[in-house]
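The values are calculated or read from the model by the stated rules, or taken from the named source; none is laboratory data. Since the model is a prediction, treat every value here as computed from it, not as a measurement. Because the Cβ atoms are built from the backbone with ideal geometry, glycine has one as well, and the counts that use them run over all protein chains shown.
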Amino acid sequence: MKKSYAKKARTFVNKLRYHGARGVLRLNGKLRPEKAAAWGEKLFVTPSRLPLRPTEAKVFHRASQGSVQVADDLVRVWNWGSGPKVLLVHGWAGRGSQFTAWVDVFVEAGFGVTVMDAPAHGDSSGKRASLFDFANAIEEVNRHYGPFEAIVGHSLGGAAALNAASRGVPVKQLVTLGAPGEIRQVMYRAFRQKMGLDAYVESLIINRLERHYAPVAEVDPKVLVPRLKQQMLVIHDLDDTEIPWSEASAMVKSARHAELLTTKGLGHNRILRDTSVILKVRDFLLGLNPQPLESPLMTLLLGETDRY
């Protein structure tokens, strides 16, 4: 009971902080747009840290642990099993332990499983991160613990997996779950819808990010996907309120070798804990043809042409 009250209290305090910061940021956006842009950029690349659950810790204590240096950050890595290696990559403000339910399923299927905490996430060091840092971490983890036959990435981790593959990380299969197709749309949702900023301040923040990292067009999944030769499996939920299903559909249509599996009712994060999703990914990596995850009513929602 005490834990429940404590959790509600933390949630309430976090909401107050969020709305307070949002209000100050919007005010600065009108009075001092350059300052608001600097603050907005910092917020955009500063993730919150997700705590490790006791049930997750039990599985992670069975792993062989290691780390790799990625620029100034120490990235934590966990390994289980042997056989063809699969790397599992979490999304923004997530952590590798979100894949706890996947570990034993994949090990029993004959895979070696590797999970990492991206820079500034989980048990890894650092305070700020970006899509580029995620992709750099994938490259370094592959160099030290690979080569990987496949990479499975959730949300931003999926976009980072596509970026790492486009840079030459030699994987044969790529799986994304709830991954964005357009990074600029991610920015739009963050800056305008969540932070409440106008188009001018948004453009200032994007200019700052592009100066510090790279042009958005160079890392956009919708631009990279047509160039990739790997077999791809794209899984996305119709009720994902973070990343619209339409972005996944567009990615698959532009890809050389891709399948789209659509779920409903799992949203953006529950998709990681769904047993049927985990088993479909396992079957795909084993070379089996993944059957649609849709219900009989899905056809009415999607139409015949965009089902999968």
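So which residues in the stretch 237-248 are in a helix (DSSP H, G or I) and either closer than 16 Å to residue 175 by Cβ or among the charged types (D, E, K, R) (or both)? Within the stretch 237-248, 247, 248 qualify. Does residue 50 satisfy the criteria of being at pLDDT below 95 and not charged (D, E, K, R)? Considered against the rule, which asks whether it is at pLDDT below 95 and not charged (D, E, K, R), residue 50 comes out as yes. For residue 146, the requirement of being at pLDDT below 95 and either in contact with a Cys (Cβ under 9 Å, 6 or more places away or on another chain) or surrounded by fewer than 21 Cβ atoms within 10 Å (Cβ to Cβ) (or both) is met.
Filtered by the rule that a residue be within 23 Å of residue 133 (Cβ to Cβ), part of a loop (DSSP other than H, G, I, E, B) and not small (Gly, Ala, Ser), the stretch 39-66 gives 45, 46, 47, 49, 50, 51, 52. Looking at 279, 300, just one residue is assigned to a helix (DSSP H, G or I), modelled with pLDDT of 90 or more and surrounded by fewer than 17 Cβ atoms within 10 Å (Cβ to Cβ), and that residue is 279.
The residue that is farthest from residue 40 (Cα to Cα), counting only those in the stretch 189-210 that are assigned to a helix (DSSP H, G or I) and hydrophobic (A, V, I, L, M, F, W, C), is 199. Looking only at residues in the stretch 197-227 that are among the hydrophobic types (A, V, I, L, M, F, W, C) and under 19 Å from residue 178 (Cα atoms), the one that is surrounded by the fewest Cβ atoms within 10 Å (Cβ to Cβ) is 223. When the stretch 200-222 is filtered for residues that are small (Gly, Ala, Ser) and either farther than 16 Å from residue 133 by Cα or within 18 Å of the chain's Cα centre (by Cα) (or both), the ones remaining, listed by number, are 203, 217.
Applying the criterion of being polar (S, T, N, Q) and more than 21 Å from residue 215 (Cα to Cα) to the residues of the stretch 119-136, the residue that is surrounded by the most Cβ atoms within 10 Å (Cβ to Cβ) is 124. Inclusion of residue 62 among residues that are exposed (fewer than 14 other Cβ atoms within 10 Å of the Cβ) and within 22 Å of residue 151 (Cα to Cα) is warranted.
Residue under question is residue 92, and the condition is that it be farther than 16 Å from residue 114 by Cα, modelled with pLDDT of 95 or more and of a type in the set (A, V, I, L, M, F, W, C); does it hold? When the stated conditions are applied, residue 92 passes them. For the stretch 104-118, indicate whether the set of residues that are charged (D, E, K, R) and surrounded by fewer than 19 Cβ atoms within 10 Å (Cβ to Cβ) is non-empty. Yes; the residues of the stretch 104-118 include at least one that is charged (D, E, K, R) and surrounded by fewer than 19 Cβ atoms within 10 Å (Cβ to Cβ).
Quick check: anything in the stretch 238-248 within 22 Å of residue 285 (Cβ to Cβ) and either crowded, with 16+ Cβ neighbours inside 10 Å or touching a residue at least 60 places away in the same chain (Cβ under 8 Å) (or both)? Yes, there is a match, as at least one residue in the stretch 238-248 is within 22 Å of residue 285 (Cβ to Cβ) and either crowded, with 16+ Cβ neighbours inside 10 Å or touching a residue at least 60 places away in the same chain (Cβ under 8 Å) (or both). Which residue is modelled with the highest pLDDT, if the candidates are limited to the stretch 249-276 and must be basic (Lys, Arg) and under 19 Å from residue 159 (Cα atoms)? Out of the qualifying residues, it is 270.
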